[in-house]
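The values are calculated or read from the model by the stated rules, or taken from the named source; none is laboratory data. Bear in mind the structure is a predicted one, so any value in this text is a computation, not a measurement. Here Cβ is always computed from backbone atoms with ideal geometry, including for glycine, and neighbour counts include all displayed protein chains. Surface areas here come from the heavy atoms of the whole protein model, side chains and all, with no ligands, DNA or RNA. Shrake-Rupley method; radii C 1.70, N 1.55, O 1.52, S 1.80 Å.
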Amino acid sequence: MKQQTAIRSPFNLLVIVASLGYFVDIYDLILFNVVKKESLQALGLGDGDYERNEIFLFNCQMIGMLLGGILWGVLGDRKGRLSVLFGSILLYSAANIANAFVTTLDSYAVVRLLAGLGLAGELGAGITLVVETMSKETRGYGTMIIVTFGALGAVFASIVGKEGAIMASWCNEHLGTALVGWQMAYLVGGLLGLFLLFLRIGTIESGMYKKVKSESHVRRGDFFALFRSRTLFFKYLSCIFIGLPIWYIIGILIALSGGITKELGIPDVVTGTAIMYAYIGLSFGDLLSGLFSQFFRSRKKVVIGYILLSVVLVWLFLFPYSTSTDWFYLMCFLLGSATGYWALFVTIASEQFGTNIRSTVTNTVPNFVRGAVVPITLLYKFLEPYFSTSPTPKVYSALVVGLICSLLALIGILTLRDTFSKDLNYIEEC
(Lines give C-alpha, C1' and ligand atoms only; values in the text may rest on other atoms or scores of the structure.)
Protein backbone atom coordinates (compact mmCIF):
# COMPACT_ATOMS: atom_id res chain seq x y z
CA MET A 1 0.00 0.00 0.00
CA LYS A 2 1.30 3.44 -0.96
CA GLN A 3 2.36 5.50 2.08
CA GLN A 4 0.29 8.62 2.69
CA THR A 5 2.41 11.79 2.60
CA ALA A 6 2.46 13.49 5.99
CA ILE A 7 0.81 16.92 6.06
CA ARG A 8 3.11 19.66 7.35
CA SER A 9 0.87 22.72 7.38
CA PRO A 10 -1.46 22.91 10.42
CA PHE A 11 -3.94 24.94 8.36
CA ASN A 12 -5.39 22.03 6.43
CA LEU A 13 -8.96 20.86 5.82
CA LEU A 14 -8.79 18.12 8.44
CA VAL A 15 -7.66 20.49 11.21
CA ILE A 16 -10.23 23.10 10.23
CA VAL A 17 -13.10 20.59 10.21
CA ALA A 18 -11.90 18.98 13.46
CA SER A 19 -11.72 22.44 15.06
CA LEU A 20 -15.29 23.25 14.05
CA GLY A 21 -16.38 19.82 15.29
CA TYR A 22 -14.78 20.35 18.67
CA PHE A 23 -16.38 23.81 18.83
CA VAL A 24 -19.83 22.21 18.54
CA ASP A 25 -18.76 19.43 20.92
CA ILE A 26 -17.80 21.91 23.66
CA TYR A 27 -20.91 23.99 23.03
CA ASP A 28 -23.13 20.97 23.66
CA LEU A 29 -20.99 19.71 26.54
CA ILE A 30 -21.15 23.01 28.44
CA LEU A 31 -24.67 24.04 27.51
CA PHE A 32 -26.34 22.14 30.34
CA ASN A 33 -24.35 24.08 32.94
CA VAL A 34 -25.44 27.34 31.28
CA VAL A 35 -29.20 26.64 31.05
CA LYS A 36 -29.66 24.15 33.88
CA LYS A 37 -31.26 26.62 36.30
CA GLU A 38 -33.74 27.96 33.75
CA SER A 39 -34.63 24.52 32.43
CA LEU A 40 -35.03 22.88 35.85
CA GLN A 41 -37.21 25.74 37.06
CA ALA A 42 -39.38 25.40 33.95
CA LEU A 43 -39.87 21.72 34.77
CA GLY A 44 -40.67 22.48 38.41
CA LEU A 45 -37.37 21.01 39.64
CA GLY A 46 -35.56 24.17 40.67
CA ASP A 47 -36.49 24.50 44.33
CA GLY A 48 -35.23 22.57 47.36
CA ASP A 49 -33.52 19.73 45.49
CA TYR A 50 -31.95 21.94 42.83
CA GLU A 51 -28.30 21.13 43.65
CA ARG A 52 -29.01 17.39 43.85
CA ASN A 53 -30.85 17.50 40.49
CA GLU A 54 -28.13 19.48 38.72
CA ILE A 55 -25.41 17.11 39.93
CA PHE A 56 -27.51 14.08 38.97
CA LEU A 57 -28.13 15.32 35.42
CA PHE A 58 -24.53 16.43 34.93
CA ASN A 59 -23.33 13.03 36.12
CA CYS A 60 -25.71 11.31 33.67
CA GLN A 61 -24.04 13.26 30.86
CA MET A 62 -20.57 12.37 32.15
CA ILE A 63 -21.44 8.66 32.53
CA GLY A 64 -22.64 8.73 28.93
CA MET A 65 -19.29 10.15 27.88
CA LEU A 66 -17.43 7.48 29.80
CA LEU A 67 -19.38 4.69 28.10
CA GLY A 68 -19.21 6.47 24.75
CA GLY A 69 -15.45 6.80 25.02
CA ILE A 70 -15.14 3.00 25.04
CA LEU A 71 -17.75 2.50 22.30
CA TRP A 72 -16.38 5.06 19.83
CA GLY A 73 -12.75 4.30 20.66
CA VAL A 74 -13.10 0.61 19.84
CA LEU A 75 -15.16 1.37 16.72
CA GLY A 76 -12.52 3.86 15.61
CA ASP A 77 -9.85 1.14 15.65
CA ARG A 78 -12.07 -1.53 14.12
CA LYS A 79 -14.17 0.40 11.58
CA GLY A 80 -12.19 3.60 11.00
CA ARG A 81 -11.73 7.08 12.43
CA LEU A 82 -14.17 8.75 10.02
CA SER A 83 -17.06 6.41 10.85
CA VAL A 84 -16.80 7.48 14.49
CA LEU A 85 -17.01 11.15 13.53
CA PHE A 86 -20.24 10.66 11.58
CA GLY A 87 -21.91 8.38 14.14
CA SER A 88 -21.08 10.46 17.19
CA ILE A 89 -22.21 13.73 15.60
CA LEU A 90 -25.53 12.24 14.50
CA LEU A 91 -26.24 10.87 17.99
CA TYR A 92 -25.48 13.98 20.01
CA SER A 93 -27.31 16.20 17.51
CA ALA A 94 -30.47 14.12 17.81
CA ALA A 95 -30.16 14.01 21.61
CA ASN A 96 -29.86 17.78 21.94
CA ILE A 97 -32.86 18.38 19.70
CA ALA A 98 -34.82 15.94 21.88
CA ASN A 99 -33.54 17.73 24.99
CA ALA A 100 -35.51 20.82 24.01
CA PHE A 101 -38.75 18.92 24.57
CA VAL A 102 -38.17 17.01 27.83
CA THR A 103 -40.91 17.28 30.47
CA THR A 104 -39.63 15.25 33.43
CA LEU A 105 -36.39 14.66 35.34
CA ASP A 106 -36.22 11.09 34.01
CA SER A 107 -36.54 12.13 30.36
CA TYR A 108 -33.98 14.89 30.96
CA ALA A 109 -31.58 12.30 32.39
CA VAL A 110 -32.02 9.93 29.43
CA VAL A 111 -31.26 12.55 26.78
CA ARG A 112 -28.27 13.87 28.78
CA LEU A 113 -26.96 10.30 28.88
CA LEU A 114 -27.44 9.91 25.12
CA ALA A 115 -25.92 13.32 24.42
CA GLY A 116 -22.88 12.39 26.48
CA LEU A 117 -22.63 9.09 24.62
CA GLY A 118 -22.54 10.96 21.32
CA LEU A 119 -20.20 13.73 22.45
CA ALA A 120 -17.62 11.16 23.52
CA GLY A 121 -16.47 10.38 19.97
CA GLU A 122 -15.78 13.80 18.49
CA LEU A 123 -12.50 14.90 20.06
CA GLY A 124 -10.74 11.52 20.15
CA ALA A 125 -11.43 10.77 16.50
CA GLY A 126 -10.34 14.23 15.41
CA ILE A 127 -7.10 14.17 17.40
CA THR A 128 -6.29 10.63 16.22
CA LEU A 129 -6.74 11.62 12.58
CA VAL A 130 -4.57 14.72 12.99
CA VAL A 131 -1.63 13.04 14.78
CA GLU A 132 -1.66 10.20 12.22
CA THR A 133 -1.86 12.38 9.11
CA MET A 134 0.38 15.33 10.03
CA SER A 135 4.17 15.30 10.30
CA LYS A 136 5.65 14.56 13.71
CA GLU A 137 7.27 18.01 13.81
CA THR A 138 4.04 19.97 13.25
CA ARG A 139 1.22 17.78 14.59
CA GLY A 140 1.39 19.66 17.89
CA TYR A 141 0.28 22.81 16.07
CA GLY A 142 -2.66 20.91 14.60
CA THR A 143 -3.97 19.65 17.94
CA MET A 144 -3.33 23.10 19.47
CA ILE A 145 -5.57 24.77 16.86
CA ILE A 146 -8.33 22.18 17.36
CA VAL A 147 -8.59 22.69 21.12
CA THR A 148 -7.88 26.44 21.13
CA PHE A 149 -10.70 27.16 18.70
CA GLY A 150 -12.95 24.41 20.02
CA ALA A 151 -12.84 25.75 23.58
CA LEU A 152 -14.56 28.90 22.35
CA GLY A 153 -17.67 26.77 21.88
CA ALA A 154 -18.25 27.27 25.60
CA VAL A 155 -18.24 31.04 25.08
CA PHE A 156 -20.82 30.62 22.32
CA ALA A 157 -22.89 28.40 24.63
CA SER A 158 -22.84 31.12 27.28
CA ILE A 159 -23.97 33.76 24.77
CA VAL A 160 -26.74 31.58 23.29
CA GLY A 161 -27.82 30.58 26.81
CA LYS A 162 -28.25 34.24 27.74
CA GLU A 163 -29.82 35.35 24.45
CA GLY A 164 -31.85 32.22 23.84
CA ALA A 165 -35.08 33.98 24.79
CA ILE A 166 -34.57 36.56 22.04
CA MET A 167 -33.92 33.83 19.47
CA ALA A 168 -36.94 31.86 20.69
CA SER A 169 -39.13 34.96 20.45
CA TRP A 170 -38.10 35.47 16.82
CA CYS A 171 -38.88 31.83 15.97
CA ASN A 172 -42.21 32.01 17.76
CA GLU A 173 -43.17 35.12 15.82
CA HIS A 174 -42.08 33.95 12.36
CA LEU A 175 -42.46 30.16 12.57
CA GLY A 176 -45.45 29.84 14.88
CA THR A 177 -43.52 27.86 17.52
CA ALA A 178 -43.90 28.14 21.30
CA LEU A 179 -40.29 27.91 22.46
CA VAL A 180 -38.51 29.46 25.43
CA GLY A 181 -34.84 30.38 25.84
CA TRP A 182 -33.38 27.11 27.16
CA GLN A 183 -35.22 25.08 24.53
CA MET A 184 -33.83 27.28 21.79
CA ALA A 185 -30.29 26.83 23.12
CA TYR A 186 -30.56 23.03 22.87
CA LEU A 187 -32.05 23.25 19.37
CA VAL A 188 -29.16 25.44 18.21
CA GLY A 189 -26.69 22.79 19.43
CA GLY A 190 -28.50 19.99 17.65
CA LEU A 191 -28.82 21.91 14.37
CA LEU A 192 -25.15 22.94 14.47
CA GLY A 193 -24.21 19.28 14.79
CA LEU A 194 -26.33 18.29 11.80
CA PHE A 195 -24.78 21.08 9.74
CA LEU A 196 -21.34 19.79 10.73
CA LEU A 197 -22.10 16.46 9.04
CA PHE A 198 -21.99 18.21 5.67
CA LEU A 199 -18.57 19.69 6.46
CA ARG A 200 -17.16 16.20 7.04
CA ILE A 201 -17.46 15.43 3.32
CA GLY A 202 -13.99 15.48 1.79
CA THR A 203 -12.02 14.53 4.91
CA ILE A 204 -9.65 11.60 4.45
CA GLU A 205 -9.03 8.45 6.47
CA SER A 206 -5.68 8.00 8.22
CA GLY A 207 -3.06 6.28 6.06
CA MET A 208 -1.54 4.63 9.15
CA TYR A 209 -4.92 3.14 10.03
CA LYS A 210 -5.57 1.87 6.49
CA LYS A 211 -2.16 0.15 6.51
CA VAL A 212 -2.90 -1.59 9.83
CA LYS A 213 -6.40 -2.52 8.67
CA SER A 214 -4.95 -4.27 5.62
CA GLU A 215 -2.88 -6.53 7.88
CA SER A 216 -5.43 -9.13 8.97
CA HIS A 217 -3.24 -10.61 11.72
CA VAL A 218 -3.18 -7.35 13.73
CA ARG A 219 -5.73 -7.12 16.56
CA ARG A 220 -7.42 -3.72 16.47
CA GLY A 221 -9.51 -1.96 19.10
CA ASP A 222 -8.79 -4.47 21.87
CA PHE A 223 -9.80 -2.36 24.88
CA PHE A 224 -9.02 -5.12 27.39
CA ALA A 225 -5.44 -5.35 26.11
CA LEU A 226 -4.85 -2.19 28.13
CA PHE A 227 -5.55 -4.18 31.30
CA ARG A 228 -3.81 -7.45 30.43
CA SER A 229 -0.39 -5.83 30.14
CA ARG A 230 1.05 -4.29 33.28
CA THR A 231 3.10 -1.81 31.23
CA LEU A 232 0.18 -0.69 29.08
CA PHE A 233 -2.15 -0.45 32.07
CA PHE A 234 0.05 1.86 34.14
CA LYS A 235 0.83 3.99 31.10
CA TYR A 236 -2.90 4.24 30.38
CA LEU A 237 -3.71 5.10 34.00
CA SER A 238 -1.01 7.77 34.04
CA CYS A 239 -2.55 9.38 30.95
CA ILE A 240 -5.93 9.57 32.73
CA PHE A 241 -4.40 11.03 35.90
CA ILE A 242 -2.87 13.94 33.96
CA GLY A 243 -6.27 15.35 33.03
CA LEU A 244 -7.95 15.18 36.47
CA PRO A 245 -7.15 18.79 37.56
CA ILE A 246 -8.77 20.14 34.40
CA TRP A 247 -12.17 18.65 35.08
CA TYR A 248 -11.89 19.19 38.82
CA ILE A 249 -11.61 22.91 38.10
CA ILE A 250 -14.36 22.93 35.45
CA GLY A 251 -16.69 20.48 37.20
CA ILE A 252 -16.34 21.71 40.80
CA LEU A 253 -14.88 25.21 41.04
CA ILE A 254 -16.63 26.64 37.96
CA ALA A 255 -19.79 24.58 37.34
CA LEU A 256 -20.69 24.43 41.07
CA SER A 257 -19.35 27.88 41.88
CA GLY A 258 -22.72 29.06 43.20
CA GLY A 259 -22.35 27.22 46.51
CA ILE A 260 -18.69 28.18 46.98
CA THR A 261 -19.22 31.88 46.21
CA LYS A 262 -22.16 31.97 48.60
CA GLU A 263 -19.87 30.78 51.42
CA LEU A 264 -17.22 33.33 50.43
CA GLY A 265 -19.73 36.17 50.31
CA ILE A 266 -19.19 36.96 46.63
CA PRO A 267 -22.43 38.49 45.29
CA ASP A 268 -24.27 38.25 41.97
CA VAL A 269 -22.26 35.40 40.44
CA VAL A 270 -23.75 33.91 37.26
CA THR A 271 -22.59 30.36 36.52
CA GLY A 272 -22.89 30.81 32.77
CA THR A 273 -20.64 33.88 32.91
CA ALA A 274 -18.12 32.02 35.08
CA ILE A 275 -18.03 29.21 32.51
CA MET A 276 -17.56 31.72 29.70
CA TYR A 277 -14.54 33.37 31.37
CA ALA A 278 -13.04 30.00 32.29
CA TYR A 279 -13.24 28.75 28.71
CA ILE A 280 -11.85 31.96 27.27
CA GLY A 281 -8.94 31.32 29.62
CA LEU A 282 -8.76 27.67 28.59
CA SER A 283 -8.59 28.65 24.92
CA PHE A 284 -5.82 31.16 25.68
CA GLY A 285 -3.98 28.63 27.84
CA ASP A 286 -4.18 25.93 25.16
CA LEU A 287 -2.75 28.33 22.60
CA LEU A 288 0.18 29.17 24.89
CA SER A 289 0.82 25.57 25.96
CA GLY A 290 0.90 24.45 22.34
CA LEU A 291 3.36 27.18 21.40
CA PHE A 292 5.50 26.49 24.48
CA SER A 293 5.65 22.77 23.72
CA GLN A 294 6.78 23.46 20.14
CA PHE A 295 9.37 25.99 21.33
CA PHE A 296 10.82 23.75 24.06
CA ARG A 297 10.22 20.59 21.98
CA SER A 298 8.66 18.97 25.04
CA ARG A 299 5.06 18.32 26.06
CA LYS A 300 5.98 16.90 29.47
CA LYS A 301 7.76 19.99 30.86
CA VAL A 302 4.92 22.30 29.86
CA VAL A 303 2.25 20.08 31.44
CA ILE A 304 4.18 19.94 34.73
CA GLY A 305 4.36 23.74 34.76
CA TYR A 306 0.63 24.06 34.13
CA ILE A 307 -0.28 21.61 36.90
CA LEU A 308 1.86 23.47 39.45
CA LEU A 309 0.37 26.81 38.34
CA SER A 310 -3.16 25.43 38.75
CA VAL A 311 -2.41 24.45 42.38
CA VAL A 312 -1.43 28.05 43.19
CA LEU A 313 -4.49 29.47 41.43
CA VAL A 314 -6.89 27.04 43.14
CA TRP A 315 -5.61 28.32 46.50
CA LEU A 316 -6.13 31.95 45.42
CA PHE A 317 -9.62 31.07 44.15
CA LEU A 318 -10.73 29.39 47.37
CA PHE A 319 -9.07 31.93 49.65
CA PRO A 320 -9.53 35.08 47.57
CA TYR A 321 -7.76 38.41 47.89
CA SER A 322 -11.09 40.13 47.28
CA THR A 323 -14.76 39.14 47.43
CA SER A 324 -15.75 41.34 44.49
CA THR A 325 -17.45 39.80 41.47
CA ASP A 326 -14.78 41.24 39.17
CA TRP A 327 -12.04 39.44 41.11
CA PHE A 328 -14.02 36.20 40.94
CA TYR A 329 -14.40 36.38 37.15
CA LEU A 330 -10.70 37.23 36.80
CA MET A 331 -9.87 34.09 38.79
CA CYS A 332 -12.19 32.07 36.54
CA PHE A 333 -10.18 33.29 33.54
CA LEU A 334 -6.83 32.53 35.21
CA LEU A 335 -7.99 29.09 36.37
CA GLY A 336 -9.18 28.36 32.85
CA SER A 337 -5.77 29.41 31.52
CA ALA A 338 -4.04 27.05 33.96
CA THR A 339 -6.17 24.16 32.71
CA GLY A 340 -5.19 25.00 29.14
CA TYR A 341 -3.11 21.91 28.61
CA TRP A 342 -6.06 19.84 27.37
CA ALA A 343 -4.61 19.67 23.84
CA LEU A 344 -1.25 18.50 25.18
CA PHE A 345 -2.94 16.00 27.49
CA VAL A 346 -4.96 14.36 24.69
CA THR A 347 -2.01 14.48 22.29
CA ILE A 348 0.27 12.82 24.85
CA ALA A 349 -2.27 10.01 25.34
CA SER A 350 -2.60 9.50 21.57
CA GLU A 351 1.17 9.42 21.08
CA GLN A 352 1.81 6.86 23.83
CA PHE A 353 0.18 3.90 22.04
CA GLY A 354 0.34 2.02 18.74
CA THR A 355 -1.95 2.54 15.73
CA ASN A 356 -4.03 -0.59 16.42
CA ILE A 357 -5.33 0.76 19.77
CA ARG A 358 -4.65 4.49 19.33
CA SER A 359 -8.29 5.44 18.71
CA THR A 360 -9.38 3.37 21.71
CA VAL A 361 -6.93 5.23 23.95
CA THR A 362 -7.48 8.70 22.46
CA ASN A 363 -11.26 8.40 22.89
CA THR A 364 -11.36 6.73 26.29
CA VAL A 365 -8.70 8.75 28.12
CA PRO A 366 -10.34 12.21 27.83
CA ASN A 367 -13.79 10.73 28.39
CA PHE A 368 -12.65 8.81 31.45
CA VAL A 369 -11.33 12.12 32.75
CA ARG A 370 -14.67 13.76 32.01
CA GLY A 371 -16.42 10.78 33.60
CA ALA A 372 -14.16 11.20 36.62
CA VAL A 373 -16.28 14.25 37.42
CA VAL A 374 -18.77 11.76 38.90
CA PRO A 375 -16.47 10.42 41.67
CA ILE A 376 -14.90 13.89 42.03
CA THR A 377 -18.28 15.51 42.74
CA LEU A 378 -19.31 12.61 44.98
CA LEU A 379 -16.07 12.97 46.95
CA TYR A 380 -16.65 16.73 47.16
CA LYS A 381 -20.13 16.19 48.64
CA PHE A 382 -18.89 13.33 50.86
CA LEU A 383 -16.14 15.43 52.47
CA GLU A 384 -18.30 18.49 53.04
CA PRO A 385 -19.89 17.30 56.33
CA TYR A 386 -16.40 16.68 57.77
CA PHE A 387 -15.83 20.45 57.66
CA SER A 388 -19.24 21.33 59.08
CA THR A 389 -17.67 23.18 62.03
CA SER A 390 -16.13 25.64 59.58
CA PRO A 391 -18.17 28.53 58.12
CA THR A 392 -16.92 27.45 54.67
CA PRO A 393 -17.23 23.62 54.44
CA LYS A 394 -17.58 23.65 50.64
CA VAL A 395 -14.33 25.60 50.31
CA TYR A 396 -12.30 23.15 52.40
CA SER A 397 -13.91 20.14 50.74
CA ALA A 398 -13.02 21.57 47.31
CA LEU A 399 -9.46 22.23 48.47
CA VAL A 400 -8.87 18.63 49.59
CA VAL A 401 -10.31 17.22 46.36
CA GLY A 402 -8.16 19.61 44.32
CA LEU A 403 -4.97 18.59 46.10
CA ILE A 404 -5.72 14.90 45.49
CA CYS A 405 -6.34 15.50 41.76
CA SER A 406 -3.17 17.59 41.39
CA LEU A 407 -1.01 14.99 43.17
CA LEU A 408 -2.32 12.20 40.93
CA ALA A 409 -1.70 14.35 37.85
CA LEU A 410 1.92 15.00 38.83
CA ILE A 411 2.48 11.29 39.45
CA GLY A 412 0.97 10.54 36.04
CA ILE A 413 3.04 12.99 33.98
CA LEU A 414 6.30 12.18 35.79
CA THR A 415 5.97 8.46 34.99
CA LEU A 416 5.49 8.98 31.23
CA ARG A 417 8.11 9.53 28.55
CA ASP A 418 7.99 12.70 26.49
CA THR A 419 6.48 11.95 23.08
CA PHE A 420 7.43 15.07 21.14
CA SER A 421 8.49 14.06 17.58
CA LYS A 422 7.84 10.38 18.32
CA ASP A 423 7.26 8.17 15.26
CA LEU A 424 3.68 6.85 15.52
CA ASN A 425 3.74 4.32 12.68
CA TYR A 426 3.86 1.19 14.86
CA ILE A 427 1.52 -1.30 16.53
CA GLU A 428 1.13 -2.65 20.06
CA GLU A 429 1.50 -6.37 20.58
CA CYS A 430 -1.86 -7.24 22.13
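If you take the residues of region 389-420 that are under 25 Å from the mean Cα position of the chain (by Cα) and assigned to a loop (DSSP other than H, G, I, E, B), which of them is surrounded by the most Cβ atoms within 10 Å (Cβ to Cβ)?
Restricting attention to region 389-420, the residues satisfying the condition of being under 25 Å from the mean Cα position of the chain (by Cα) are 394-395, 397-420.
When the remaining residues are screened for being assigned to a loop (DSSP other than H, G, I, E, B), the result is 415-420.
Values: 415: 14, 416: 20, 417: 11, 418: 17, 419: 19, 420: 22.
Going through the qualifying residues, I end up with 420.
Which number in (1) within 28 Å of residue 344 (Cα to Cα); (2) not in a helix (DSSP H, G or I) marks the one condition that residue 129 misses?
Going through the list (1) within 28 Å of residue 344 (Cα to Cα); (2) not in a helix (DSSP H, G or I), residue 129 breaks only (2).
Kindly indicate whether residue 204 is aliphatic (A, V, I, L, M), at pLDDT below 95 and buried (at least 24 other Cβ atoms within 10 Å of the Cβ).
Numbers: aliphatic (A, V, I, L, M): yes; at pLDDT below 95: yes; buried (at least 24 other Cβ atoms within 10 Å of the Cβ): no.
So residue 204 fails the test.
Whether any residue in region 97-108 is touching a helix residue (DSSP H, G or I) at 6+ places or on another chain (Cβ under 6 Å), among the small types (Gly, Ala, Ser) and assigned to a helix (DSSP H, G or I) is what I want to check.
Scanning region 97-108 turns up at least one residue that is touching a helix residue (DSSP H, G or I) at 6+ places or on another chain (Cβ under 6 Å), among the small types (Gly, Ala, Ser) and assigned to a helix (DSSP H, G or I).
For region 75-101, which positions are buried (at least 21 other Cβ atoms within 10 Å of the Cβ) and in contact (Cβ under 8 Å) with a residue 60 or more places away in the chain?
Listed by number, the residues that qualify are 75, 76, 77, 81, 84, 85, 89, 92, 93, 95, 96, 99.
Please go through (1) open to solvent by less than 50 Å² (accessible area, probe 1.4 Å); (2) under 25 Å from the mean Cα position of the chain (by Cα) for residue 229 and return the number of the only condition it doesn't satisfy.
Every listed condition holds for residue 229 apart from (2).
Report, by residue number, each residue of region 379-388 that is open to solvent by 50 Å² or more (accessible area, probe 1.4 Å) and part of a helix (DSSP H, G or I).
Those that are open to solvent by 50 Å² or more (accessible area, probe 1.4 Å) and part of a helix (DSSP H, G or I): 379, 381, 382, 385, 386, 387.
Could you tell me which residue of region 17-55 is nearest to residue 198 (Cα to Cα), considering only residues that are assigned to a helix (DSSP H, G or I) and among the acidic types (Asp, Glu)?
25
When you check residue 328 against the structure, is it under 24 Å from residue 141 (Cβ atoms) and open to solvent by less than 10 Å² (accessible area, probe 1.4 Å), yes or no?
no
Which one is farthest from residue 258 (Cα to Cα), of the residues in region 381-403 that are in contact (Cβ under 8 Å) with a residue 24 or more places away in the chain and among the β-branched types (Val, Ile, Thr)?
401
List pairs: first residue in region 311-326 and closer than 18 Å to residue 258 by Cβ, second residue among the aromatic types (Phe, Trp, Tyr) and outside any loop (DSSP other than H, G, I, E, B) anywhere in the structure, Cβ distance under 7 angstrom, at least six positions apart or on different chains.
320/327
Can you give me the number of residues within region 289-318 that are assigned to a loop (DSSP other than H, G, I, E, B) and touching a Ser or Thr at 6+ places or on another chain (Cβ under 9 Å)?
Residues in region 289-318 being assigned to a loop (DSSP other than H, G, I, E, B) and touching a Ser or Thr at 6+ places or on another chain (Cβ under 9 Å): 2 in total.
Out of the residues in region 102-143 meeting the condition of being within 17 Å of residue 55 (Cα to Cα) and among the charged types (D, E, K, R), tell me which one is surrounded by the most Cβ atoms within 10 Å (Cβ to Cβ).
Taking region 102-143 as the starting set, the residues that turn out to be within 17 Å of residue 55 (Cα to Cα) are 104-116.
From what's left, among the charged types (D, E, K, R): 106, 112.
Values: 106: 8, 112: 24.
The extreme case among them is 112.
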